[in-house]
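Read through the structure below, which is laid out as structure tokens, and then see the notes.
The values are calculated or read from the model by the stated rules, or taken from the named source; none is laboratory data. Just so we're clear, the structure is a prediction, and the values are computed from it rather than from any experiment. Cβ placement follows ideal geometry from the backbone for every residue including glycine, while neighbour counts extend to all protein chains displayed.
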Amino acid sequence: MQTRGLPGLLLVLPALLLLATLTIYPVGYGFWLSLHAKHSLFPQQAFVGLDNYIYLWHDPEFWESLRIGLIYSVSTIFLQLVLGVAAALLLHQSFFGRNIVRGLVLFPYMIPTVVAVILWKWMLNNQFGLINFGLVSLGISSEPINWFGRSYIMASLILVSVWQFFPFVLLAVLARLQTIPTELYDAARVDGAGPVARFVFVTLPQLASVLFITILLRSIWMFTKFDTVWLMTQGGGAERYIRTMPVYAYLRTFNYYEAGMGAAVAIVMFLMLVAAAATYFFLFRGEDQL
Amino acid sequence: MKAVTLRLRLTAGLLGCAVAIGLTGTALAQPVKTVRVWHTETNPASQAAVAEIVKRFEATRPGVKIQAEALSWNDLEGKIMAALAAGSPPELSHGQPVTCAALLQQKLLLPIDDVVKAIGESNIWEHYKKLCFADGKWYGLVHASGTSLMIYRKDLAKKIGIEPPKTWDDFVRIAEKLTIDENKDGKPEIYGLTMPGDNLFINILVGEMMAANGGKLFDEKNRPLFESRQMLETLDYWKRLAKFMPPGWEGHGYLDTFSNLYGQKAALMYAGFGRGASLIEQYAPENMRNTETYDVWRKPHGPSGNAPASQVDEETWMLFKGSANPELAKEFLAFFYKDENYIEYIKSVPIHFFPITKSLRNSPAYRDIPMVKRWASWLQVQQEDLDKDQARPTLIIDWEDLTNKPYLLQILGSGVLRDMVLDVAVEGKPAAEAAKRGQQRAEQIVRQAGFAKW
């Protein structure tokens, strides 16, 4: 029996080694680093045990970054879902030029993040931006709004992120919508179900599995989102009002030059995601259709 | 006979070709030595100037390739860090004086005395000898410098009858007077002042304000002095100034503040630099592109200080230990500073780049640069700052700070000072409360860096 299992083990070994090298080692090294006081620039390091974690527990900046990160991720996920599902339902209907619109609507998701952010920063600029020009011209605002100041920078970030990532939800939901048997809708109509009832009792249950995985993926991606947030703060000073946890981990590592502390923030973030994902799976464990 | 001659000629021709191909092959096979050079001058004119100097140098040194790369400020430290960690630093890189000091403290730099010798030590202005100089050796040489300027709308100041400010109180009054709300709707057409809210510039400003207010950022035991009277006055000054700045100013970067100035949305700019003259020449209305409209003042001092202070932007060239071709890099650097080459670089941003060599600064070629003539008053104020030794690199109050306080790099990067300012000027928190929080954070950074002696 053991002899028969050996070839199988040898066959999966390369995959296991790859997994260990690309996933387990970096996480393990990150954890090891988080137990050290390590300057990011210089080679010296000292073992400090859990001191970095204890510091973070008492660090108001850490909690603030968690709070900001939660506001950012929850609101963007919610809006992406609403917009993505609504757009998918719309694009599931037959109308002239549907295929072109389907292609165009993916545009925000396809362009590089850096381009998307620069584009929006130009449009939102308070001196020469198109959006401020429109708001002032239409009399909606009496003077240009500084979208990158304290009061509006989170709203701007959410706007850019939702615009950029809702096509992912749209794509996933639209693909699933196209596979729902039409008989289900016919049967619902026979039973007297109107459009809302058909959406609630036919479409939504059929979308459950795809929404389950979409919410999971988008939660992970938005909670760890770095590039969009980081780029939004470049060139202006309201960074602290959108300093999410990944940004804080970066700052600790590359601006404070505290690699150990930065690693500790990253490990905490990793553990939070593992816990959230486990809870999510636990809550929906009874849903066989998922 | 003819056939024999032809055969001989053909043979000779073939032999000649073979030799030529062989020689070319040898030349091609000759190993190219590469010198990597990182600098922070990303504007096209400076990049072109560097490229031209590189071309000239390479023409004198066959087999040597200078790989010059312009990096943004924000990328530089991280890239140096990654290169050092990977064991493949560039030969040369720009770096802020605090970076140079921190790297020197870690013994990661090589001396560049040979370059200084080639330039002639007596040919370098005294000011530049205070940077990254240790144990009688030069570890950093400034590429060019420019001091932070207070730029003001001279035309408006004349119209209202404003005199240059001496103290912070004077300046607040001026900012108020220059806040112009002609239709009295509570929304000024021109704000009195524009200041950037980004981390680097707030650090620059807090550093120079503390110096102008007779304060220090750290004591001799490296304990932060963020709860000192001078710091509380500085924070209060920000609060008073914020009233005359455009709403949402904390979201403005440096270039936004310039566009506020030349776009006539603001009348004063606290932290401008000479390169702004080029922006004004490009973007301000044509009749305003002059020193009669945009001129500079020396900066005022605070209630606890008695002299102005400004920040000097002066990255040093650093030569890295462990790089592949340090000797060639030194040769290139010496070539860079030769007057005929150096002027190409200086000309690319003439009002911001003060040459570090006396020979160039005193030369007719430099003085005849058209922009140098047009913006002479801007250069004069910078010259005064440097000559009176009232200009320091970011966060440096005393010159010894450069060598004694290598953790200033972390303080700068952490944003502690920026957060204190925003807490007071934007969040409206009392200065003492913001300072207390800043003090705690800074103490933790100094401890973590291993420099706490209290």
* Look at A:ILE140 and say whether it is on the phi < 0 side of the Ramachandran plot, part of a loop (DSSP other than H, G, I, E, B), more than 23 Å from the chain's Cα centre (by Cα) and surrounded by fewer than 16 Cβ atoms within 10 Å (Cβ to Cβ). => yes
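With the condition kept exactly as written, say whether any residue in the stretch A:80-89 is more than 29 Å from B:TYR254 (Cα to Cα) and over 24 Å from the mean Cα position of the chain (by Cα). Show your work before the answer.
Taking the stretch A:80-89 first, the residues more than 29 Å from B:TYR254 (Cα to Cα) are A:80-89.
Still in the running and over 24 Å from the mean Cα position of the chain (by Cα): none.
No, every residue in the stretch A:80-89 fails to be more than 29 Å from B:TYR254 (Cα to Cα) and over 24 Å from the mean Cα position of the chain (by Cα).
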* Odd one out for B:SER88, checked against (1) within 14 Å of chain A (Cβ to nearest Cβ); (2) of a type in the set (Gly, Ala, Ser); (3) in a loop (DSSP other than H, G, I, E, B) -> (1)
* Asked: Name the residues in the stretch A:126-182 that are of a type in the set (Gly, Ala, Ser), more than 14 Å from chain B (Cβ to nearest Cβ) and closer than 24 Å to A:MET110 by Cα, would you?
  -> A:SER161, A:ALA172, A:ALA175
* For the stretch A:213-290, which fully contained helices (runs of 4 or more DSSP H) count at least 3 residues that are out of contact with any Lys or Arg (no Cβ under 9 Å at 6 or more places or on another chain) and away from chain B (no Cβ under 14 Å)? -> A:259-283
* To do: Run B:TRP399 past the list (1) outside any loop (DSSP other than H, G, I, E, B); (2) of a type outside the set (Gly, Ala, Ser); (3) more than 29 Å from B:GLU250 (Cα to Cα); (4) in contact with a helix residue (DSSP H, G or I) (Cβ under 7 Å, 6 or more places away or on another chain) and report the number of the one that doesn't hold.
  => (1)
* To do: Tell me which of these B:LYS130 doesn't satisfy, since it passes every other one: (1) among the charged types (D, E, K, R); (2) closer than 30 Å to B:PHE336 by Cβ; (3) not assigned by TED's automatic domain parsing to the domain that holds B:GLU340.
  => (3)
* Asked: Within the set of pairs 6+ apart or on separate chains, which have a first residue in the stretch B:283-307 that is within 16 Å of B:LYS388 (Cα to Cα), a second that is β-branched (Val, Ile, Thr), and C-beta atoms under 7 Å apart?
  -> B:ARG298/B:VAL381; B:PRO300/B:THR167; B:HIS301/B:THR167
* Asked: Are any of the residues in the stretch B:429-437 touching a residue at least 24 places away in the same chain (Cβ under 8 Å), outside the structural domain of B:GLN105 (by TED's automatic domain parsing), of a type in the set (A, V, I, L, M) and in contact with a strand residue (DSSP E or B) (Cβ under 8 Å, 6 or more places away or on another chain)?
  -> no
* Asked: Before we move on, is B:TYR342 buried (at least 21 other Cβ atoms within 10 Å of the Cβ), over 21 Å from B:LEU279 (Cβ atoms) and either in contact with a His (Cβ under 7 Å, 6 or more places away or on another chain) or outside the structural domain of B:LEU131 (by TED's automatic domain parsing) (or both)?
  -> no
* Structure fact -> The one condition B:LEU386 fails out of (1) buried (at least 18 other Cβ atoms within 10 Å of the Cβ); (2) within 14 Å of chain A (Cβ to nearest Cβ) is (2)
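Per-residue answers, yes or no, for (1) in the same structural domain as B:GLN67 (by TED's automatic domain parsing); (2) under 18 Å from B:GLU126 (Cα atoms); (3) without any contact (Cβ under 8 Å) to a residue 24 or more places away in the chain; (4) surrounded by 18 or more Cβ atoms within 10 Å (Cβ to Cβ):
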| position | (1), (2), (3), (4) |
| --- | --- |
| B:LYS330 | yes, no, no, yes |
| B:PHE354 | yes, yes, no, yes |
| B:ARG374 | yes, no, no, no |
| B:TRP378 | yes, no, no, yes |
| B:VAL381 | yes, yes, no, yes |
* Of B:MET245, B:MET231, B:MET210, which residue is in contact (Cβ under 8 Å) with a residue 40 or more places away in the chain, out of contact with any Cys (no Cβ under 9 Å at 6 or more places or on another chain), outside any helix (DSSP H, G or I) and among the aliphatic types (A, V, I, L, M)? -> B:MET245
* May I ask you to list the residues in the stretch B:103-122 that are part of a loop (DSSP other than H, G, I, E, B), more than 14 Å from chain A (Cβ to nearest Cβ) and more than 11 Å from B:LEU319 (Cβ to Cβ)? => B:GLY120
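Listed here are the residues, each with its yes/no results for (1) in a helix (DSSP H, G or I); (2) modelled with pLDDT of 95 or more.
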residue	(1), (2)
A:SER65	yes, yes
A:ILE68	yes, yes
A:LEU81	yes, yes
A:SER94	no, no
A:ILE118	yes, no
